[in-house]
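Take a look at the structure below.
What follows draws every value from the coordinates through simple rules; no lab data is involved. The shown structure was predicted, so the numbers you read here are calculated from the model rather than taken from an experiment. Ideal geometry is used to build each Cβ from the backbone, glycine not excepted, and the neighbour counts take in all protein chains shown.
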Amino acid sequence: MKISRQNLPIAVLMGCLVGLSLVGLGCSSSSGGAELANSTAGVTTLLTVDSEIIESLTLTVTEVSLDYGEEGECEPKIVVFSGAVDVDLADLTDISAILSCVDVPAGVYTKIRFSVANPRLILSSDPDTVITDVHLTANGRLFISEEFELPEGESCLLILHLMSIHLVEEGNGGYVLTPQLRAEIEIEPTEAMVVCGTIVDIDKEEDTFSLVLCDGSAIEVLYTDASISLPGDIDTPTGTEDNLDVGVSVIIRGTLCVDGSLTADSIRII
């Protein structure tokens, strides 16, 4: 049996997210990389997928790298994420998995590689059974072989529209996850991110609070250096930390971090 996923829609990142601002600084590679004299691009890698047949397909992503297609000072393989993060490919409809925010050289790329481990599969037809007998080929790597170009001097979002995930059922009841993923790649310029929501928990010693967004999801906010505006403020923010409390609704402009938290530049109480 071959399970194929077709025409999967891109998800909305963090509900009210407008964009993410990054600044290109240098070359990131598996060997650390050298400082580049030429232009670079800030890029955020997002992975989004939807599901009907597969209830969940959870993988531990240990590395994400890009194949750089132009000759130059950079390594051909540029690592944009290294660590360990569990990604459920079938449960990212309302929130994308943010794998990395990095600076990479501008130019043409030819492939995206994911190193994965520990696959756990649940089929919609049997939601109470976790299938761990899922074999990974290609030394535990998944590939997206699509050429794309990151523009010079711009921060951007690299968004993957996954078109198909292929699981082949073996005769013994196990599955094989084939390495090649079909995807469309979208490059979008970024601006400052804006979210709105209600504070549900606050730690004024750590300068953080939890914000519930309009779609019901939550995000942690660091507000140490943020200006705070009251509803009547027009030009000059007059609010203070004392105006932030549980139940207060706010609009926040800031930068999304790799761990999913938001560093606020400005907070407006509404």
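Brief remarks follow.
- 12 Å beta-carbon shell around residue 117, net charge (K/R +1, D/E -1): 0
- For residue 90, the residues 5 or more places off, or on other chains, whose built amide H falls under 5 Å of its own are 57.
- If the chain linking residue 131 and residue 166 were pulled fully straight, counting 0.36 nm for each residue of separation and taking away their Cα-Cα distance, it would gain 11.1 nm.
- At R0 = 45 Å, FRET efficiency that the Cβ-Cβ distance of residue 60 and residue 225 yields, to 0.05: 0.85
- Residue 265-residue 145 pseudo-label distance in nm [points 7 Å out on the Cα-to-Cβ vector]: 4.1 nm
- Cα gyration tensor, the stretch 139-204 - rounded (a/c under 1.5), prolate or oblate: oblate
- Each residue, residue 152 and residue 241, gets one label point 7 Å from its Cα in the Cβ direction; the gap between the two is 4.5 nm.
- When you count the other C-beta atoms within 10 angstrom of each residue and take the mean per peptide, 131-143, 216-228 line up highest first as 216-228, 131-143.
- Percent of alpha-carbon pairs separated by more than 20 Å within the stretch 168-225: 59 percent
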